[in-house]
Every structure is written in C-alpha cells, then in structure tokens.
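Visitor: I'd like to ask some things about the structure below.
The values are calculated or read from the model by the stated rules, or taken from the named source; none is laboratory data. None of the values given here were measured: they were computed from a predicted structure. Don't worry about glycine lacking a Cβ; one is built from the backbone with ideal geometry, like all the others, and counts go over all protein chains shown. Quick note on the areas: whole protein, heavy atoms, side chains included, nothing else; ligands and nucleic acids left out. Shrake-Rupley method; radii C 1.70, N 1.55, O 1.52, S 1.80 Å.
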Amino acid sequence: MWHAVRTAIAATLSVLLARLLSTHEAYWAVIATLVVMQSPLSSTVPLAVQRIAASALGASLGAIESAYFGANLVAFTVTMFVLGLISFALRLERVGYSYAGMTLAIIVLIPRPEAPWIAALHRFAEVSLGILVALAVVAVWREEQRLFGDAKRE
C-alpha cells in the first residue's frame with residue numbers, strides 16, 4: 001500500500017513541477033517518474049543515470065533522423081539498429097536501450113509543428129525532470145520508511 005501512496009505522490013509532484021516549468025507535454029515527466037518508481041531500490045540510481053543518458057542519446061539520434069529523413073520507416077529502422085549498436089558500445093543495459101528507443105520513436109513518429117531538435121530537447125527535459133523527481137522521492141522516502149504507524153504493519 002505504501003508503494004502506491006509514494007508513487008502517487010511522486011507522479012503528482014512530477015506533473016506539478018512540469019506544469020510550473022511550463023513544459024510542453026508534462027505527461028512525459030509523469031511517465032518517466034512512474035517507470036523509475038518501479039525500479040528496485042538498490043538499482044534506482046544507476047538505472048536513473050542510465051535512463052537520462054539513454055534519453056539524451058535517443059533524443060539526439062531522433063532529432064538527426066527527423067531533420068534529414070522525416071518519418072521515413074526505412075530510416076527509422078536503420079536508426080533504431082544504429083542506436084542498438086551505440087547502446088552496446090556505451091554498455092547501456094537493455095533498460096537504457098529501450099528508453100533510448102522509446103525516446104527516438106517519440107521524436108520521429110509523432111508529427112510535431114516545431115523543429116525536430118526542439119521536440120528532442122523538450123522530450124529530454126521532460127523525461128529527465130520525471131527521473132529526477134522520482135530520485136528525489138526515493139531519496140527522501142525510502143520504501144522501508146512509513147509516514148505513520150508501526151513499521152512492521154503494512
């Protein structure tokens with residue numbers, strides 16, 4: 001039960017902060033927060049760092065592909081493969097590669113009125129914000145801690 005409370009609070013903080021900062025699509029911050037909140041406590045920080053790096057990588061390749069090829073499916077396939085090779089070279093785990101791939105897909109496959117590099121920057125900022133909010137909540141409120149009552153009861 002406490003995990004649900006903690007996750008709900010983190011998601012709410014994420015959307016509030018994203019709105020306060022006037023991000024274009026605040027829901028990406030919330031989605032990132034929810035993903036990070038599901039990580040085991042022991043791997044939350046390493047996976048969060050990896051997800052931020054992967055988001056930067058996916059956003060960068062997505063902006064480049066989108067600027068030069070638009071939503072071309074062949075270019076998307078090649079870029080996704082290249083992203084996998086780069087992720088392997090950078091020793092990103094599958095979690096990092098999947099996060100980079102999701103970011104790439106969001107940039108390339110969703111039509112937007114703004115330039116691809118602006119969309120990429122927005123996604124990176126929103127996702128990073130969500131990851132950082134989740135890390136802050138995990139740091140302040142560890143799962144073993146309880147806000148009220150006996151720590152032995154759930």
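Visitor: Would you mind working out the magnitude of the charge dipole of the stretch 1-153 relative to its Cα centre, with +1 at each Lys and Arg C-beta and -1 at each Asp and Glu C-beta, to the nearest 20 Debye? List each step's numbers first, then the result.
Guide: Working: 11 positive and 8 negative charges, 75 e Å.
For the stretch 1-153, the charge dipole is close to 360 debye.
Visitor: Taking the simple approach of a point 7 Å from Cα along Cα-to-Cβ for both residue 69 and residue 89, what is their distance in nm?
Guide: 1.7
Visitor: For a quick check, take a GNM of the chain with Cα springs below 10 Å and name the residue from 129, 34, 109 with the largest mean-square fluctuation.
Guide: Looking only at 129, 34, 109, the largest GNM fluctuation is found for 109.
Visitor: Angle between the Cα long axis of helix 94-109 and the longest principal axis of the chain, 0 to 90 degrees, nearest 10?
Guide: That helix lies at roughly 50 degrees to the long axis.
Visitor: What share of all Cα pairs of the stretch 38-127, in percent, falls into each consecutive 5 Å distance bin?
Guide: 3, 16, 27, 22, 17, 9, 4, 1, 0
Visitor: Considering only protein heavy atoms and a 1.4 Å probe, what is the carbon-and-sulfur percentage of the accessible area of the chain? Before the final figure, lay out the partial values.
Guide: Numbers: 6210 of 8740 Å².
Roughly 71 percent, rounded to a whole number.
Visitor: Label the stretch 10-62 by shape, choosing from rounded, prolate and oblate, from the square roots a ≥ b ≥ c of the eigenvalues of the Cα gyration tensor; if a/c is under 1.5 it is rounded, and otherwise prolate applies when a/b is larger than b/c, oblate when it is not. Before the final figure, lay out the partial values.
Guide: On the way: a/c = 2.69, a/b = 1.15, b/c = 2.33.
It comes out oblate by the Cα gyration axes.
Visitor: Who wins for biggest fluctuation among 71, 125, 54 in a Gaussian network model of the chain, springs between alpha carbons below 10 Å?
Guide: 71
Visitor: Angle, helix 44-69 long axis vs. longest principal axis of the chain, Cα atoms, 0 to 90°, nearest 10?
Guide: Helix 44-69 and the main axis of the chain meet at about 20 degrees.
Visitor: Quick one: Cα convex hull volume of the chain, Å³ per residue?
Guide: Details: hull volume 15.4 nm³, N = 154.
Dividing the Cα hull volume of the chain by its residue count gives 100 Å³.
Visitor: Restricting to Cα pairs below 8 Å that are 6+ residues apart, what does the relative contact order work out to for the chain? Please round to a whole percent.
Guide: Numbers: 179 pairs, mean separation 58.8, N = 154.
In percent, rounded to a whole number, it is 38.
Visitor: Also, quick follow-up: Relative to the longest principal axis of the C-alpha atoms of the chain, give the angle of the C-alpha long axis of helix 73-89, reported between 0 and 90° and rounded to the nearest 10°.
Guide: 60
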